[in-house]
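Engineer: Could you have a look at this structure, given as structure tokens, before my questions?
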Amino acid sequence: MKEKLVLIGNGMAGVRTLEELLKLAPDAYDITVFGAEPHVNYNRILLSPVLAGEKTISDIVLNDREWYASNGITLHTGKKVVDVNRARREVIAEDGTIAPYDRLLIATGSTPFIIPVPGHELEGVIGFRDIQDVDTMLDAAKHGRHAVVIGGGLLGLEAANGLQIQGMDVTVVHLMDTLMERQLDPESGRMLQKSLEEKGLKFLMATQTEAILGKEHVEAVRFKDGPEIPADIVVMAAGIRPNIELGKKIGLHCERGIVVNDTMQTFDPRVYAVGECVQHRGMTYGLVAPLFEQAKVCANHLARYGIGRYAGSVTSTKLKVTGVDLFSAGDFVGDADSEEIVLKDASLGVYKKILLKENKIQGAVMYGDTVDGAWYFQLMRDGTDVSGFRDSLMFGQAHLGDSGHGGQNAAATMGDEMEVCGCNGVCKGEIVKAITTKGLFTIEEVRAHTKASASCGSCTGLVEQILASTVGDYSATPKKKALCGCCEYTHDEVRKGIVEHRLTSHQAVREFFEWETPDGCASCRPALNFYLLAAWPREFQDDPQSRFINERAHANIQKDGTYSVVPRMWGGITTPHELRAIADVADKYAVKTVKVTGGQRIDLFGIKKEDLPDVWADLNAAGMVSGHAYGKSLRTVKTCVGSEWCRFGTQDSTGLGIQLEQMTWGSWTPHKFKMAVSGCPRNCAEATIKDFGVVCVDSGYELHVGGNGGIHVRATDLLARVATEEEAKEYCGAFMQLYREEGHYLERTAPWIERVGLNYVRERIVDDGEGRKSLYQRFLESQAVFQYDPWAKEVAASDRRRAYFPIKQVG
Amino acid sequence: MSDWIEIGSLDEIPRQGARVVKTGSGNIGIFRTLDDEVFALRDHCPHKGGPLSQGIVHGARVTCPLHNWNIELATGQAVAPDEGCAARFETKVEGGTVYLQLSGD
Ligand code: SRM
Ligand SMILES: Cc1cc2nc3c(=O)[nH]c(=O)nc-3n(C[C@H](O)[C@H](O)[C@H](O)COP(=O)(O)OP(=O)(O)OC[C@H]3O[C@@H](n4cnc5c(N)ncnc54)[C@H](O)[C@@H]3O)c2cc1C
Ligand code: SF4
Ligand code: FES
């Protein structure tokens, strides 16, 4: 017989846990749900837009009755649970309904804190928590004129805004002298107040409520130092308290909330709790993102997978008042060791403050221009060292060359047919539809269902905005990014483990890190293959089946399943003999297109897989080798003509480019690696958008790193100036090796440097001469293993050649 | 039905890999998993026709090399949230030899 699971609290955290559980183990339990409200599970966050008339109740339903039915869930709405007999394992509702359980999940949320001033029990004094409260407010707006909102925090302001839009005359009473003091510093708090005043709200700051007056229904509110104002409704938004009434009554250990461990278990091992009612490691939460994290972990344990720990969350806040842009995250007060960067333009109504500690973002407050909120939050969660771009940090991500969107309300004002994701051709309407019909909440889910932002990612910010404007704001909570869905460990943890525990095979890594799949997936297999060969160039047996087809077939797959072939042209230099050989190959194998690439060489398109070995053999015969145009490896070294011909050339840029290419070709790197050498600062070889670029100057060579053309254009940082070609080569090898040893798979040097900081790279390569030499040495050692022409090797291995042909021809 | 066609020896298909059978009506990918199960699918991704045989095989799935859809080898169904299906064919392995039945379902 199936075990029984009972959920108390039909709200966002509880039902989310059920959804996660059904994904993992659809048949594990007979599920019963009790909810005190008469409604199905709805999106509480969106009560504010409902109050403001921007959405209707039916817009915000998350799970309709059919969902409960089709998942075999027994739903009791409008039934408050009043007791639990833990000895007999029974839940008892107000109306006498009894439900037995094997496991119990408590998700009773919070209750608004009603300040116990005289008169607080009058009719018309309410909190702002549920549909009923919204109905009461809408009703008051129809019949009355005056509203008083007590509390100038997030909820209070959203309530005040809504009531005002409904035509009421609204006064917000706040105990402190600036608004939202828990999320905003005084400066931005005052700016917020000003713009809300412009919208017509009134404020009584630093004011304490003394009494609420009226006979049966509220009529007025009186304050400490005298004044009295009329009120047809009073909304108490002075904070929330975890709803532990039931938890306490049934003897669970409670402090401020129901105390749970990292697996969301209460002190009674059969009883779990999630959501605002819990206290975890001393913290309680009042935003959904952390609750969803809890839900995931809890579901995992209910499903008996027994993995996943909840480790607490960092949260960020936005105010959902149309026309007011506000973002805040983390610590914005700081201490003696922290530094502030502040930007203020009062007439534009823009204020931004970023708090840094040891070059990492600790917190941010933004008012008026919040486009980069998500970006700062990401940098903060990832603990990114920002020293490399600190000077432009304030100006946001767009300033760093993000080719994405701009404009804070871009998403809200976009038409449905406007394209959001250029890579996958997804327009806004499709995204909104997927979000509403499939009940999506996170950027990852939207990505999986619509493919929007799944490719180059430059539209991620826009998709997040659409998500926020459709379902409310759920910035995902910080979590360490696992290498892929097959394991719980990060790239760094896996890389370190491979070296420290001498793991030299795929199997060994998967066993050590307890992979959840027998042989990984298409994301982790290529990553592991790279990490293993970078760590153990000699011991590790390369696994072609773990490589992407291009690296397996040593050519680039095309949309029609044919391949393209690019031979190396050292430093962009070719000869009539090579060109003739290329022309012959093009004729002989009926090549459809011959194209000069952006990397200064020639690409032959439309070659059938079975012809590849013959094409290679012909090119080899003319002295040419693979150009690795297909590899996460050294691609090209672009050069300009340099001192040999050019009237401005200061050094032999072509010659140095060829030397660099000869030194580095064949090496495997986390992502592709491109170089260029320009003969003078006119920089015709575009060295300053390359992973490693050299700009020759009269006195020697400027070495630049971390550049990127492509999706996010990033100009290089200057690493060092050196005097000789030998030094340039040593720095180049050392830099490539550092990146090989420490970059994450599929992370190019540009994001890598932004993650670790230019200072770190300078310390390792420039300041530490010994360290540089040993990096260079390790680079050359691994080149002794990897620098060979894969084409020649495949051509020579006659037994391998068959793999390029069909195994059989039928009919 | 017993129109089994002999394809070749199991050893000629790499573990966690695939080979192609050419037919008059397009290619068929013959896949071999880590634990030596053999599956056959029309070598044509339900997304935009990518050659599935060239993808990475993991578990009983293959990831299309063009845009990373995941396809169940046993059914040809795309893994949710993607939707679509590649035709599948019966296979069997006897004495180290792989056989294929062409009447797809
Ligand atoms: C052939 C070529 C276009 C051309 O006809 O000129 C090309 C073709 C492709 N590029 Fe490129 N890129 C080519 C030069 C470039 C350049 C220019 C350059 O290198 O100076 C750039 C911008 C510079 C840069 O990389 O920083 C460039 C930025 C990209 C990107 C974006 C990379 C990024 O970090 O944002 C991708 C996508 C990726 O690698 O993930 C990409 C990916 C691709 C792929 C591999 C797409 C794919 O996965 O199939 C294309 C392969 C076509 C093929 O079969 O050959 N290609 N690509 C160029 C080959 C150069 C060569 O000789 O090897
Ligand atoms: C107006 C408003 C705006 C908000 N805006 C945001 C925002 O922008 N971003 C954000 O992240 N968060 C926001 N929040 C907070 C967010 O809604 C909550 O964090 C979230 O809903 C908490 O989920 P929960 O499941 O813990 O509690 P709830 O969703 O409150 O669910 C608890 C449920 O349990 C029921 N219940 C309680 N006791 C019993 C009992 N004994 N028997 C049966 N049922 C019981 C309650 O009736 C309730 O339905 C907002 C909240 C409000 C009210
Ligand atoms: S060659 Fe590069 S820019 Fe052109 S379509 Fe392909 S990936 Fe895009
Ligand atoms: S063709 Fe297979 S994923 Fe696009």
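The values are calculated or read from the model by the stated rules, or taken from the named source; none is laboratory data. Keep in mind that what you see is a predicted model, and the values were worked out from it rather than measured. We place every Cβ from the backbone using ideal geometry, glycine too, and count neighbours over all the protein chains shown. Side chains included, ligands, DNA and RNA excluded: accessible areas come from the protein's heavy atoms. Shrake-Rupley method; radii C 1.70, N 1.55, O 1.52, S 1.80 Å.
Engineer: Which residues, if any, in the stretch B:75-90 lose at least 10 square angstrom of accessible heavy-atom surface (probe 1.4 Å) when the other protein chains sit next to their chain rather than the chain being alone?
Structural biologist: B:PRO81, B:ASP82, B:GLU83
Engineer: Then there is this: Over every pair of different alpha-carbon atoms in the stretch A:125-238, take the mean of 1/r and invert it; report that Kirkwood radius in Å.
Structural biologist: Final number for the Kirkwood radius of the stretch A:125-238 is 14.0 Å.
Engineer: When the Cα atoms of the stretch A:153-192 are enclosed in a convex hull and the volume is divided per residue, what value in Å³ results?
Structural biologist: Measuring per residue, one finds 65 Å³ for the Cα hull of the stretch A:153-192.
Engineer: Of the GluC sites (Glu not before Pro) in the stretch A:1-81, which ones lie in a loop per DSSP and count no more than 15 other C-beta atoms within 10 Å?
Structural biologist: Sites meeting the loop and neighbour criteria: A:GLU54.
Engineer: Quick one: pull the percent of accessible area on the stretch A:550-621 belonging to carbon and sulfur, 1.4 Å probe, ligands and nucleic acids left out.
Structural biologist: On the stretch A:550-621, the fraction of accessible area on carbon and sulfur atoms equals 56 percent.
Engineer: With just the Cα atoms of chain A, tell me how far they stretch along each of the three principal axes, in Å, largest first.
Structural biologist: 102, 68, 50 Å, listed from the longest principal axis down.
Engineer: Still on this model: Given bins 5 angstrom wide, list per bin the percent of all Cα-Cα distances in the stretch A:491-547, short to long.
Structural biologist: The distribution over the stretch A:491-547 is 4, 22, 36, 27, 11, 1, given as percents.
Engineer: Something else: At a temperature of 10 °C and a viscosity of 1.306 mPa s, determine how fast the stretch A:550-621 diffuses translationally according to Stokes-Einstein, using the Kirkwood radius over alpha-carbon pairs as Rh; express D in µm²/s, rounded to the nearest whole number.
Structural biologist: 129 µm²/s
Engineer: Name the residue from A:PRO269, A:LEU348, A:GLY308 whose Cα lies farthest towards the positive end of the charge dipole of the stretch A:253-400, charges +1 on Cβ of Lys and Arg and -1 on Cβ of Asp and Glu.
Structural biologist: Of the options given, the answer is A:PRO269.
Engineer: For the stretch A:222-287, what D do you get in µm² per second when you plug the Kirkwood radius from alpha-carbon pairs into Stokes-Einstein at 10 °C and 1.306 mPa s?
Structural biologist: 114 µm²/s
Engineer: Additional query: What percentages, rounded to whole numbers, describe P(r) for the stretch A:355-400 computed over all alpha carbon pairs with 5 Å bin width beginning at zero?
Structural biologist: 5, 22, 37, 27, 8, 1
Engineer: How long are the semi-axes of the ellipsoid equivalent to the stretch A:537-679, from square roots of 5 times the Cα gyration tensor eigenvalues, in whole Å, largest first?
Structural biologist: For the stretch A:537-679, the ellipsoid semi-axes come out as 27, 21, 12 Å.
Engineer: Counting heavy atoms of the protein chains only and a 1.4 Å probe, report the per residue accessible area for the protein assembly as shown as a whole number of Å².
Structural biologist: Per-residue value: 42 Å².
Engineer: How shielded is B:48-58 by partner chains, expressed as the average number of their Cβ atoms within 10 Å of its Cβ atoms?
Structural biologist: Other-chain Cβ atoms within 10 Å of each residue's Cβ, averaged: 6.
Engineer: Let me ask something else about it. Distance from the Cα centre of the stretch A:643-693 to that of the stretch B:1-73, in angstrom?
Structural biologist: Here the two parts' Cα centres lie 42 Å apart.
Engineer: Could you give the radius of gyration (one decimal) and Dmax (whole number) of the Cα atoms in the stretch A:707-774, in Å?
Structural biologist: Cα only, the stretch A:707-774: 12.2, 36 Å (Rg, Dmax).
Engineer: Oh, and also: Run the helix sum for chain A: -39,500 (n - 2.57) per DSSP H stretch of 4+ residues, divided by residue count, reported at 222 nm to the nearest 500 deg cm²/dmol.
Structural biologist: -9500 deg cm²/dmol
Engineer: Using heavy-atom solvent-accessible surface (probe 1.4 Å) with all chains present, what is the largest-first order of B:HIS44, A:HIS280?
Structural biologist: Heavy-atom accessible area, descending, gives B:HIS44, A:HIS280.
Engineer: On to the next question. With label points built 7 Å along Cα→Cβ from the Cα atoms of A:LYS496 and A:ALA87, find their separation and express it in nm.
Structural biologist: Calculated label separation equals 5.0 nm.
Engineer: I would also like to ask the following. In Å, the Kirkwood hydrodynamic radius of the stretch B:14-89 over pairs of distinct alpha carbons?
Structural biologist: The Cα-based Kirkwood calculation yields 11.7 Å.
Engineer: Further question on the same structure: For chains B and A, what's the summed buried accessible area, probe 1.4 Å, to the nearest 100 square angstrom?
Structural biologist: Buried area (both sides, nearest 100 Å²): 2600 Å².
Engineer: Carbon-plus-sulfur fraction of the accessible area of the stretch B:14-89, 1.4 Å probe, in percent?
Structural biologist: 45 percent
Engineer: Just the number, please: carbon plus sulfur as a percent of the accessible area of the stretch A:125-238, 1.4 Å probe, no ligands or DNA/RNA counted.
Structural biologist: Using a 1.4 Å probe with all protein chains present, the stretch A:125-238 comes out at 47 percent carbon and sulfur.
Engineer: With a Cα-only, solvent-free Debye model of the stretch A:634-786, what are the log10 I(q)/I(0) values at q = 0.17 Å⁻¹?
Structural biologist: Normalising to I(0) and taking log10 leaves -0.90.
Engineer: Is the stretch A:176-250 best put as rounded, prolate or oblate by its Cα gyration tensor, with a ≥ b ≥ c the root eigenvalues, rounded for a/c under 1.5, and otherwise prolate when a/b is larger than b/c, oblate when not?
Structural biologist: It is oblate, given that a/c is not under 1.5 and a/b is not larger than b/c.
Engineer: Another question, if that's okay. When DSSP beta bridges are limited to those with both residues in chain A, what percentage is antiparallel, rounded to the nearest 5?
Structural biologist: Around 60 percent antiparallel, to the nearest 5.
Engineer: How much of the pair distance distribution for the stretch A:264-317 lies past 18 Å, counting alpha-carbon pairs only, in percent?
Structural biologist: 25 percent
Engineer: Run through all the Cα pairs of the stretch A:1-139 and give the fraction in each 10 Å bin from 0, expressed as whole percent.
Structural biologist: Distribution as computed: 11, 37, 32, 16, 4, 0 percent.
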